[in-house]
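Throughout, read-outs are computed from the coordinates displayed, never taken from laboratory work. Everything numeric in this text was worked out from a predicted model, so none of it was measured. Heads up, the Cβs are rebuilt from the backbone with ideal geometry, glycines too, and the neighbour counts pull from every protein chain shown.
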Amino acid sequence: MRLNINSINVDYEDRSKGIPLLLIHGFPLHRGMWAPQIEGLAGAARLLAPDLRGFGKSDTPAGPYGMEDFARDLDGLLGSLKIDRAVLCGFSMGGYIAFAFHKLFAEKVAGMILLDTRAEADTEEGKKKRVEMANSVRQRGIEFAVEAMLPKLLGQVSQRYNPQLLHQVASMIRENKQAGLINAQHAMAARPDSLAYLPEIQCPVLIAVGDQDVLTPVPSSEAMASRIAKCELKIVRGAGHLASMEYPEQVNAAIRDYLKAI
Ligand code: MLT
């Protein structure tokens, strides 16, 4: 499905019925990463999965983007669908966007699920690496993002024994646009720290993280959990960064339990 929001075409999936669950994908992926949740959580929630600006089949307006731009697009999507409140489920960059959304529209957030993400801003070194990656994608194309990100997205077990998942994730990265990835890298580098903001989050929160996550490691999730009033932390054993695709049964079970309790 497709809607015009903030003057861009936003492509999204809208499946099943129940409490609205807004699935916010990470970098350098698109909404296709949620296939295991769209299948496994059917009946547990209304599953809304947009392609963010610059990703998948949505438009790629000129940059720069900020986390607030992504958040305002999501708010526009909810508004167009006449949804007053939703549970936000953000994976990695999607989590950074969920924080931006909460800062802008706390009253519209019924709950938050934070998957393999973190609240800290980038270090100076981290920001530098993002600029380098953006420049390399500009010079060498999307294939650079595939080479650089694939080994970091999936854990050792998946890399060794799940060639199908490796192939699927690589294809997803290739389905994005160079400009979208460049704009998103700059947007992530500019994002503010959200650690100090976390005590403001009063809704129930589920955090899940792969114990082998090298991009947003377990201590980042522990740091978030210790600052959020109503929070449960689930560690997904054997998973890397993309725990929701690597071990969907475990992640979906945690999400189902969480949704039942809120
Ligand atoms: C993601 O998975 O969304 C990104 O790798 C997050 C990041 O680069 O900080």
Using only helices, what value at 222 nm comes out for the chain when you add -39,500 (n - 2.57) per DSSP H run of length 4 or more and divide by the total residues, to the nearest 500 deg cm²/dmol?
-> -13500 deg cm²/dmol
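Let's test the formula: R0 of 51 Å, r as the Cβ-Cβ distance of Asp193 and Asn162. What FRET efficiency results, to the nearest 0.05?
Result of the calculation: an efficiency of 0.90.
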Counting Lys and Arg as +1 and Asp and Glu as -1, what is the net charge of the other residues whose Cβ lies under 15 Å from the Cβ of Asn6?
-> -4
By Kyte-Doolittle mean hydropathy of at least 0.0 and Cα axial length of at least 15 Å, which whole DSSP H helices of the chain are selected?
-> 93-105, 142-153, 163-174, 178-189
Given the candidates Phe91, Met33, Ala110, the one whose Cα lies deepest towards the positive end of the charge dipole of the range 1-128, counting +1 at each Lys or Arg C-beta and -1 at each Asp or Glu C-beta, is Ala110
Counting DSSP beta bridges with both partners in the range 110-262, what percentage is antiparallel, nearest 5?
-> 0 percent
Let me know the number of lysine pairs in the range 94-237 closer than 22 Å at the Cα, not counting same-chain pairs under 8 apart.
-> 10
